[in-house]
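Let me begin by presenting the structure, written as structure tokens, before commenting on it.
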Amino acid sequence: MINNRQEDVTVAAIAAMEPTTDPRLREIMVSLIKHLHGFIRDTRLTEAEFREATTILGEIGKLSTDTHNEMVLMAGSLGVSSLVCLLNNGDHGNTETAQSLLGPFWRLHSPRVENGGTIVRSKTSGAPLFVNARVVDHAGNPVVGAEVDVWHASPDGLYENQDPGQAEMNLRGKFTTDAGGCFWFRTVMMTGYPIPTDGVVGRLLKLQDRHPFRPAHLHALIFKPGFKVLISQVYDPADPNIETDAQFGVTEALLGNFVRHEAPHPTEPDVGAPWYSLDHVYKMEAGEAMLPRPPIK
Ligand SMILES: [Fe+2]
């Protein structure tokens with residue numbers, strides 16, 4: 001087709017998508033063309049802005065490595081990751097869900113830890129935190145023998161893979177739920193942290209006068225055949241940025257019951273005040289147990 005008017009190119013591009021064999025891919029590509037072309041008309045995108053946009057997208061790709069994923073960071077910073085999560089869980093966004101963002105820091109092959117063990121593998125600041133968690137199905141029955149990956153940032157605001165000062169796999173561990181669906185472990189109380197700001201996302205946040213912080217949270221990925229893999233985060237409601245997460249991940253259902261204790265721990269002689277506890281129930285939904293692709297190695 002030879003274009004005579006600007007409208008013709010949209011018609012031609014949609015027609016070029018039509019032969020896509022896979023029907024779902026066809027649906028996605030046709031809709032993408034419609035929205036992309038609509039976006040360009042809506043914003044009256046200039047040639048200079050378009051060139052800048054292609055440069056930025058290329059830069060996002062170049063910034064993504066085995067240990068850093070700028071694309072996931074950008075998707076989160078635009079609210080896209082959260083929208084995809086909420087639209088695909090909790091009865092298609094109509095009811096609350098324990099599902100949350102995977103984030104850019106999940107790693108495969110976390111070391112196994114027995115229940116009651118610690119995930120602190122090198123000297124780490126922060127008050128002790130004791131996590132007592134239970135995994136249940138939609139009816140409240142225990143999910144026995146589920147594999148649970150947990151991970152979180154150090155109180156210095158860095159995941160171990162970002163920080164040469166931490167041991168390999170520090171603050172990461174894999175647990176198995178017991179006959180009551182429970183798993184429990186010791187770690188340190190996490191704090192909020194800034195997402196990496198030395199790339200494209202950082203420049204955008206600065207231009208928008210947005211802070212880069214995520215409120216303190218504990219990640220979990222729970223796997224058991226017969227259930228949809230539960231990717232969850234539990235947030236500390238006391239965090240000063242709980243209402244302004246740079247990645248838009250916080251929902252009511254994900255607010256955790258973190259308790260600060262002002263007396264020494266009753267059974268752990270090495271734990272003086274203050275220390276923290278978190279009691280939490282993770283609810284799994286029926287579905288296919290498909291692991292996501294890890295965003296980093
Ligand atoms: Fe995180």
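The values are calculated or read from the model by the stated rules, or taken from the named source; none is laboratory data. Predicted, not measured: the structure shown is a model, and the values here were computed from it. Note that each Cβ is placed from the backbone with ideal geometry, even for glycine, and that neighbours are counted across all protein chains shown. To get the accessible areas, we keep the full protein, side chains included, count just its heavy atoms, and leave off ligands, DNA and RNA. Shrake-Rupley method; radii C 1.70, N 1.55, O 1.52, S 1.80 Å.
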Can you pull out the residues in segment 8-34 that are outside any loop (DSSP other than H, G, I, E, B) and exposed (fewer than 11 other Cβ atoms within 10 Å of the Cβ)?
-> PRO23, ARG24
So VAL84, is it closer than 20 Å to PRO294 by Cα and either open to solvent by 60 Å² or more (accessible area, probe 1.4 Å) or within 16 Å of the ligand (Cβ to nearest atom) (or both) = yes
How many residues of segment 110-153 are part of a loop (DSSP other than H, G, I, E, B) and not hydroxyl-bearing (Ser, Thr, Tyr)? The answer is 23
Could you grab me the full set of residues in segment 106-123 that are open to solvent by less than 50 Å² (accessible area, probe 1.4 Å), within 26 Å of PRO196 (Cα to Cα) and under 23 Å from the mean Cα position of the chain (by Cα)?
-> TRP106, ARG107, SER110, PRO111, ILE119, VAL120
Does segment 73-81 contain at least one residue that is open to solvent by less than 60 Å² (accessible area, probe 1.4 Å), assigned to a loop (DSSP other than H, G, I, E, B) and without any contact (Cβ under 8 Å) to a residue 60 or more places away in the chain?
-> no
All positions within segment 154-164 that are touching a residue at least 12 places away in the same chain (Cβ under 8 Å) and assigned to a loop (DSSP other than H, G, I, E, B) | SER154, PRO155, ASP156, GLY157, LEU158, TYR159
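How many residues, within segment 184-241, are in contact (Cβ under 8 Å) with a residue 24 or more places away in the chain, of a type in the set (A, V, I, L, M, F, W, C), open to solvent by 60 Å² or more (accessible area, probe 1.4 Å) and more than 12 Å from the ligand (Cβ to nearest atom)?
1
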Can you tell me which of GLY173, GLY103, GLY157 is open to solvent by less than 30 Å² (accessible area, probe 1.4 Å) and modelled with pLDDT of 95 or more?
-> GLY173
Pick out the one residue from ALA139, ALA133 that is away from the ligand (no atom under 16 Å from the Cβ) and in contact (Cβ under 8 Å) with a residue 24 or more places away in the chain.
-> ALA133
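Can you tell me which residue within segment 252-297, out of those that are outside any strand (DSSP E or B) and among the charged types (D, E, K, R), is surrounded by the most Cβ atoms within 10 Å (Cβ to Cβ)?
Among residues in segment 252-297 that are outside any strand (DSSP E or B) and among the charged types (D, E, K, R), the one surrounded by the most Cβ atoms within 10 Å (Cβ to Cβ) is GLU285.
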Of the numbered conditions (1) in contact with a Leu (Cβ under 6 Å, 6 or more places away or on another chain); (2) not in a helix (DSSP H, G or I), THR67 satisfies every one except a single condition; which is it?
-> (1)
